[in-house]
Amino acid sequence: MAASINGVGGVGFGGLTCSTKTPLPSSRSSSFRVQMSVPVEDKKRNYTLQKSQEAFNAALNLMPGGVNSPVRAFKSVGGQPIFMDSVKGSHMWDIDGNEYIDYVGSWGPAIIGHADDEVLEALAETMKKGTSFGSPCLLESVLAEMVISAVPSIEMVRFVNSGTEACMGVLRLARTFTGREKIIKFEGCYHGHADPFLVKAGSGVATLGLPDSPGVPKATTSGTLTAPYNDIAAVESLFNSNKGEIAAIILEPAVGNSGFITPKPDFLEAIHHLTKENGALLIFDEVMTGFRLSYGGAQEYFGITPDLTTLGKVIGGGLPVGAYGGGREIMEMVAPAGPMYQAGTLSGNPLAMTAGIQTLKRLKAPGTYEYLDRITGELVQGILNAGKKTGHAICGGHIRGFTKECCVKVFTLLLHNLKLDLQAWHILLKTSRRQLQLLRTFLARFKVSIAVSLITFPQFEAGFTSLASRMSTS
């Protein structure tokens, strides 16, 4: 598929360039609005996070930082985590009874919406048979066949339990197959928390203000070379200065962990050519983009087939899962077929396989990705239209259900378009130190759930829509 990046208005950011001269599509109304779960008239009702505060205080004594993943702690953005009680479709409810529209989607997996009825029904039937066998089950082969038929680069696949585990395995595999040790990764690309990847990483590492992580030995990262994303000259230089030593290049084909950065024209093709020319492998980390940009992932969308691919998030349908796969010759290096050891107690467990199968069935239906593209485009376009109308410099863009709004004013404009009173908000925009904390609280009061660092620090996160999202014009 020919790649196209959708975005208009304002300034450029990362790999996304937005021009104020780009005409707005005539089919989208400047009076776009997001349907709120609570009527605007009810916006003055009492809003409290008291129970979340109490739960977080208790959790601080039980778990490091009170959470099980750092980005959930709000440490770098102020305030406290909101403890969720339930989810359904595109909505979330916290333990204080507040309802939110969700543009986080559990950080990507909830592409068909939360707690989908068909997925839940299939999981209930599977659970009657057991939750983990410790032996092979037919469901593993069913999901494997679906992944192999969808993703161009994959002829064989190995299921694991997380995106981090998938990237750990694929790195070991690339080194085994090539007999080389060095890898090239790109600054800001996040490939999980394995030691070799915590070099100039994005996402949670960046939002915590940690350029790397303590406890990572120098020897572990000595073989990790880095280059700026979209800088082909820097990659060429690394190959020239490390001839015959580089096992692979690993990258997010569309970056979602240091902002939403899209590849420049011909960048992926040039990287592909360099790896072939130098006997290295090309690895696409599609944990985030897999089955989201298209049914065949970013590699199908951009028309570039890597040697190896990592997957996660969507293929588990909301349950813990990861996978790596590639050509048969390479994958047969993995134990027990080959010498490269990798194992997992819960890998391929029937619950994750069931949720993944049901999710991929839904995604394969005709019109699925066209719908994701339309609703995400309406969301971004509505924000941009409101920005133009109110005189703000703004840019944004999306690929299918993968979106980025590129300045602090974006959700100000969204809320303005909902005809809320923003006089107080424009005062907040002039602050700096407490700006993000205030913004998070402001958005929460109007029932918008979004990656906190996406709002004011767009270099860190991307946003997600789902098939359960509903947009309308009026």
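The table below lists the values:
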quantity: Wholly enclosed helices (runs of 4 or more DSSP H) of segment 317-423 bearing at least 1 residues modelled with pLDDT of 85 or more; calculated: 328-331, 350-363, 368-389
quantity: Only one of Leu308, Leu251 that is touching a Leu at 6+ places or on another chain (Cβ under 7 Å) and either on the phi > 0 side of the Ramachandran plot or not hydroxyl-bearing (Ser, Thr, Tyr) (or both); calculated: Leu308
quantity: Identity of the residue in segment 114-163, among the β-branched types (Val, Ile, Thr) and assigned to a strand (DSSP E or B), that ends up most open to solvent (accessible area, probe 1.4 Å); calculated: Val157
quantity: Test: Ala227 is in contact (Cβ under 8 Å) with a residue 60 or more places away in the chain and in contact with a strand residue (DSSP E or B) (Cβ under 8 Å, 6 or more places away or on another chain); calculated: no
quantity: Residue within segment 199-211 that is of a type in the set (S, T, N, Q), part of a helix (DSSP H, G or I) and modelled with pLDDT of 85 or more present; calculated: no
quantity: Hits in segment 83-109 (condition: crowded, with 21+ Cβ neighbours inside 10 Å, part of a loop (DSSP other than H, G, I, E, B) and in contact with a Lys or Arg (Cβ under 9 Å, 6 or more places away or on another chain)); calculated: Ser90, Asn98, Gly108, Pro109
quantity: Leading residue by the ranking (modelled with the lowest pLDDT) among those in segment 93-118 that are under 25 Å from Val255 (Cβ atoms) and of a type in the set (Phe, Trp, Tyr); calculated: Tyr103
quantity: Any hit, segment 170-178, residues being outside the structural domain of Leu467 (by the TED database), in contact with an Asp or Glu (Cβ under 7 Å, 6 or more places away or on another chain) and touching a residue at least 12 places away in the same chain (Cβ under 8 Å); calculated: yes
quantity: The one condition in (1) closer than 30 Å to Ile304 by Cα; (2) not assigned by the TED database to the domain that holds Ala337 that Thr164 fails to fulfil; calculated: (2)
quantity: Residue in segment 283-290 that is at positive phi, part of a loop (DSSP other than H, G, I, E, B) and not polar (S, T, N, Q) present; calculated: no
quantity: Odd one out for Val255, checked against (1) within 20 Å of the chain's Cα centre (by Cα); (2) modelled with pLDDT under 95; (3) surrounded by fewer than 23 Cβ atoms within 10 Å (Cβ to Cβ); calculated: (3)
quantity: Boolean, Asn68 is open to solvent by 40 Å² or more (accessible area, probe 1.4 Å), over 23 Å from Leu363 (Cα atoms), of a type in the set (S, T, N, Q) and in a loop (DSSP other than H, G, I, E, B); calculated: yes
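The values are calculated or read from the model by the stated rules, or taken from the named source; none is laboratory data. As the structure is a prediction and not an experimental result, all values here were calculated from the model. As a convention, Cβ positions derive from the backbone with ideal geometry for all residues, glycine included, and neighbour counts pool all protein chains shown. Areas reflect the complete protein model, heavy atoms only, side chains present, ligands, DNA and RNA absent. Shrake-Rupley method; radii C 1.70, N 1.55, O 1.52, S 1.80 Å.
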